[in-house]
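The values are calculated or read from the model by the stated rules, or taken from the named source; none is laboratory data. Here the structure is a predicted model, which is why all the values come from computation and not from measurement. Every residue, glycine among them, receives a Cβ derived from its backbone with ideal geometry; neighbour counts consider all protein chains shown.
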Amino acid sequence: MVSMREDTGNEIATQGAGPHGCSKVRHTVLVLSGKGGVGKSTIAVNLGVSLAMQGRRVGLLDVDIHGPSIPMMLGAGLSGVQMHDEVLIPVETSGMKVMSVGFMLKNTQDALIWRGPMKMAIITRFLQQVAWGELDYLVVDCPPGTGDEPLSVVQLAENIAGAIIVTTPQKVAAADVRKCVDFCVKTGVPVLGVVENMSGFACPKCGEVTEVFMGTGGEDTAHFSGAPLLGRIPLDPAVAESGDRGTPFVYHYGKSLSAKAMEAVAEPVLRLP
């Protein structure tokens, strides 16, 4: 196995022999947003858990190289990565097989100061040299924007079924998110639907939803993409609390309004042939 090193001294193994890891994945689903801070990783985690709760075989791949939050959100930040015959073994947690560069860091505070080729190399390994096995769905959490990471996934992943695009109500967010719609059009990735996150505040005591961020970003983005608006997910303090504790929200707060809205995001994925 050969290691690749950047100027900063960050070192992660990125080459080795092994089978094409995602060749037995039936459907690869990307979670995209052109804007940071919209809760995209929260949607990806809870989408994966919702699918697993329906008895599906699910993998969750975190390709947010510079901000890998998936391990912490699943309470698996210190798991590390095991290898067998130079093939990476995904971490199994919350009913899913999970892989993230966050599992490979010696210190969770380390910054990966990488250029494009380094990112391409590790994403290639995640898709080709991880023992994913047979999966119904591989959910891919992409970083904000339309650059190296999502493009690498589109070029390398097997059986891409489509993308779920996450926005918030504000026009400034929706304007950036529309770039992801254009990305999907230009790369031939179907848009399965749009999610409007942070859509009002759900009072934890009475359940009433109060508008916080004004706008119709979800509806506008759905109309622009020609895809359905899968749901409006209100702000709920328990969502942030669950992420910090590493306990999936839809599993522990399944009766809440926000959890039901998140579970609805899985419906078009479950309907894939």
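Observations on the model:
- Out of 89, 113, sole residue that is of a type in the set (A, V, I, L, M, F, W, C) and at pLDDT 95 or above: 89
- Residues in region 34-85 that are at pLDDT below 95 and touching a Cys at 6+ places or on another chain (Cβ under 6 Å): 1 in all.
- Total residues in region 72-101, condition of a type outside the set (A, V, I, L, M, F, W, C) and more than 18 Å from residue 138 (Cα to Cα): 8
- Any chance residue 205 is basic (Lys, Arg) and either in contact (Cβ under 8 Å) with a residue 24 or more places away in the chain or within 24 Å of residue 147 (Cβ to Cβ) (or both): no
- Some residue of region 151-166 being within 17 Å of residue 60 (Cα to Cα), polar (S, T, N, Q) and surrounded by fewer than 20 Cβ atoms within 10 Å (Cβ to Cβ): yes
- In region 33-63, the residues that are assigned to a strand (DSSP E or B) and out of contact with any Pro (no Cβ under 6 Å at 6 or more places or on another chain): 58, 59, 60, 61
- Verdict on residue 145 being under 26 Å from residue 214 (Cα atoms), among the small types (Gly, Ala, Ser) and in a loop (DSSP other than H, G, I, E, B): yes
- Counting only helices (runs of 4 or more DSSP H) that fall entirely inside region 173-273 and contain at least 2 residues that are more than 17 Å from residue 42 (Cα to Cα), the qualifying elements are 217-225, 267-270.
- Answer residue from region 226-273, given it is over 25 Å from residue 77 (Cα atoms), among the charged types (D, E, K, R) and in contact (Cβ under 8 Å) with a residue 12 or more places away in the chain and is surrounded by the most Cβ atoms within 10 Å (Cβ to Cβ) among those: 232
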